[in-house]
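The values are calculated or read from the model by the stated rules, or taken from the named source; none is laboratory data. All figures in this text were calculated on a predicted structure; none of them were measured in a lab. Virtual Cβ from ideal backbone geometry, glycine too; neighbours counted across all protein chains shown. Heavy atoms of the whole protein, side chains included, go into the accessibility calculation; ligands, DNA and RNA do not. Shrake-Rupley method; radii C 1.70, N 1.55, O 1.52, S 1.80 Å.
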Amino acid sequence: MDLGLKDRVYVVTGATRGLGYATARELTADGAKVVLTGRDEGRAAEAAKALGPNAVGVAADNSDPAAAGRLIATARERFGRFDGILVSVGGPAPGFVADNTDEQWTASFESVFLGAVRLARAASAELGEGGVIGFVLSGSVHEPIPGLTISNGLRPGLAGFAKSLSDELGPRGIRVLGLLPARIDTDRVRELDALSGDAEAARAANEGRIPLRRYGTPEEFGRTAAFVLSPAASYLTGIMLPVDGGARHGF
């Protein structure tokens, strides 16, 4: 199946590792060109080098108000066009209600929520018909995850923003959607398992609650993301798509 990705140009934030990198890899493998970001300039350059000539790495922090304009300008300058963005960011600090400080909430709001809003707002002003804005969210959009209180507070609100944006941009032919990963085998998820004191036991318990009885791979997430960002998914908008092996038991 031809996804129609050849020569299309995307910005993928938080893409030096994990889900963002997996998505950038699948996009470039199918012919797209990618501006990928990370907070560390060296890591962003290394990630882009690993993907080949159709990727460029840029040091950027999602919480920086100037980042959005700079990234879109880079896409146009390096590759001549701009077709979409996937907003991904490292997860907020873990903790329960009593554990998280005001400073952690504020920092997470700036990077996870407001940063994503700014990026999407800038993208919406630059995209034309056929453009797409995607958000990497979390299964916590539908069901709170114990020990991730900040994520539980911010991700559902960002999903609501994405849904509102899809209604506003739909008449212009621009799609907006969210991806809801659960237990994908990334460094972030391994770190969360380790917080229990017994990472192997935590993983086994989590896998037992997943109908497919295993964690997903970054590649599986990346392929899903590449599809929904592609022209092949041209009639999908306003959706929040779980990528979780069936872990969400509701409809």
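Residues that are assigned to a loop (DSSP other than H, G, I, E, B), touching a helix residue (DSSP H, G or I) at 6+ places or on another chain (Cβ under 7 Å), charged (D, E, K, R) and at pLDDT 95 or above: does the range 17-36 have at least one? Looking through the range 17-36, at least one residue is assigned to a loop (DSSP other than H, G, I, E, B), touching a helix residue (DSSP H, G or I) at 6+ places or on another chain (Cβ under 7 Å), charged (D, E, K, R) and at pLDDT 95 or above.
Ile150 meets the conditions (1) farther than 18 Å from Val12 by Cβ; (2) of a type in the set (A, V, I, L, M); (3) open to solvent by less than 20 Å² (accessible area, probe 1.4 Å); (4) not in a helix (DSSP H, G or I) in every case but one. The failed one is (4).
In the range 108-144, the qualifying residues are those that are open to solvent by 50 Å² or more (accessible area, probe 1.4 Å) and touching a residue at least 24 places away in the same chain (Cβ under 8 Å), and the one that is farthest from the chain's Cα centre (by Cα) is Glu129. Here Glu207 fulfils each of the conditions (1) buried (at least 19 other Cβ atoms within 10 Å of the Cβ); (2) touching a Phe, Trp or Tyr at 6+ places or on another chain (Cβ under 7 Å) apart from (1).
As a summary of the residue check, Ser63 satisfies the conditions (1) of a type in the set (Ser, Thr, Tyr); (2) farther than 30 Å from Gly246 by Cα; (3) open to solvent by less than 50 Å² (accessible area, probe 1.4 Å); (4) part of a helix (DSSP H, G or I) except for the one numbered (4). Residues that are closer than 29 Å to Gly95 by Cβ and at pLDDT below 95 number at least 1 in the following helices (runs of 4 or more DSSP H) confined to the range 156-240: 187-194, 199-208.
Which residues, counting only those in the range 20-39, are surrounded by fewer than 24 Cβ atoms within 10 Å (Cβ to Cβ) and under 19 Å from Ala120 (Cβ atoms)? Of everything in the range 20-39, nothing turns out to be surrounded by fewer than 24 Cβ atoms within 10 Å (Cβ to Cβ) and under 19 Å from Ala120 (Cβ atoms).
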